[in-house]
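Values quoted throughout were computed directly from the atomic coordinates according to the rules given, and no laboratory measurement underlies them. Predicted model only: the values in this text are computed from it and were never measured. Ideal geometry is used to build each Cβ from the backbone, glycine not excepted, and the neighbour counts take in all protein chains shown.
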Amino acid sequence: MAELTPIIQLGNPILRQKAAWVESIHDESVQKLIDDLIATVAQANGVGIAAPQVANSCRLFIVASRPNPRYPNAPEMEPTAMINPRIVDHSTEVVKGWEGCLSVPGIRGLVPRYQAIEVEYTDRQGKLQRQELTDFVARIFQHEYDHLDGIVFVDRLENTLDMITEQEYQNQVVNNT
Ligand code: ZN
């Protein structure tokens, strides 16, 4: 049974650690962690969550884009566990877009990210996957990947003027799109 797991917040030193490689994907503990993360991200209206955000510092995250109150325009996809992920190539084009983070509640920021990336990861069955991701899903991947290296989206802001509160985001951005 999947369980909801508490999400740690900015200031917790675990969010600043470099996460460890996942050795045994078929372990019950890893498979349960994946199920718990999928349940937790859905309940929190997130579009992605990384294992360090539930205080488990290993190289695994979920990308689970779908429209929800926090991201009304997100594309729909099956929640996907990405284990030991890598960015193998990226576009030269960088685009700025709004991000939030379940570990940084109440804050949104305009973050520059590669528009397209080619990635490799191991799926929960232990199979190596190689995919090209673009736009919002590429953004989610880059955000979650940063969590594995102890980086939070506010570190990527070019200017503190690119940071606004969730309430202003809802007023200015969501209600105007
Ligand atoms: Zn985050």
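Can you give the angle from 0 to 90° between the axis of helix 135-148 and the longest principal axis of the chain, with both taken from C-alpha atoms, to the nearest 10?
Once rounded, one gets 60 degrees.
Spelling out what I want: for every residue of the range 13-26, take phi, set θ = phi - 60°, compute 6.51 cos²θ - 1.76 cosθ + 1.60 (Karplus), and round to whole Hz; glycine and proline get x.
In residue order, the calculated couplings are x, 4, 5, 9, 8, 7, 6, 8, 4, 8, 8, 10, 4, 7 Hz.
At a Cα cut-off below 26 Å, give the lysines reachable from Lys32, other chains included and same-chain residues fewer than 8 away excluded.
Partners within reach: Lys18, Lys127.
Once each part is reduced to its C-alpha centroid, what is the distance from the range 128-151 to the range 1-57 in angstrom?
15
Counting other beta carbons within 10 Å of each Cβ, put Val95, Val41, Val54 in order, fewest first. Working shown, then result.
Numbers: Val95 14, Val41 26, Val54 21.
With the fewest neighbours first, Val95, Val41, Val54 line up as Val95, Val54, Val41.
Counting only residues 5 or more places away or on other chains, whose amide H sits under 5 Å from the amide H of Cys58 once H atoms are built in the peptide plane?
Ala20
Across the range 110-126, in residue order, what do the Karplus-derived ³J(HN,Hα) couplings come to in whole Hz, using 6.51 cos²θ - 1.76 cosθ + 1.60 with θ = phi - 60° and x for Gly and Pro?
Coupling constants for the range 110-126: 8, 10, x, 9, 4, 5, 9, 9, 10, 10, 10, 7, 9, 7, 6, 8, x Hz.
Give me a comma-separated list of calculated 3J(HN,Hα) values for the range 167-176, in order, Karplus coefficients 6.51, -1.76, 1.60 applied at θ = phi - 60°, integers in Hz, x for any Gly or Pro.
These are the phi-based 3J(HN,Hα) values: 5, 5, 4, 4, 5, 8, 9, 5, 6, 10 Hz.
Using a 10 Å cut-off on Cβ atoms, rank the peptides 149-155, 128-134 from the highest mean neighbour count down. Before the final figure, lay out the partial values.
Values: 149-155: 15.9, 128-134: 13.1.
Descending mean neighbour count gives 149-155, 128-134.
Once you have a ≥ b ≥ c as the square roots of the Cα gyration tensor eigenvalues for the chain, tell me rounded if a/c is under 1.5, and otherwise prolate or oblate according to whether a/b is larger than b/c.
prolate
Using amide H atoms built 1.01 Å from N in the peptide plane, name the residues 5+ places from Gly48, or on other chains, whose amide H lies under 5 Å from its own.
Residues meeting the amide H criterion: Ala64.
Mind listing the long-range amide H neighbours of Gly97? Cut-off is under 5 Å, sequence gap 5 or more, other chains count too, H placed in the peptide plane at 1.01 Å from N.
Those qualifying (amide H under 5 Å, at least 5 residues apart or on another chain) are Val111, Arg113.
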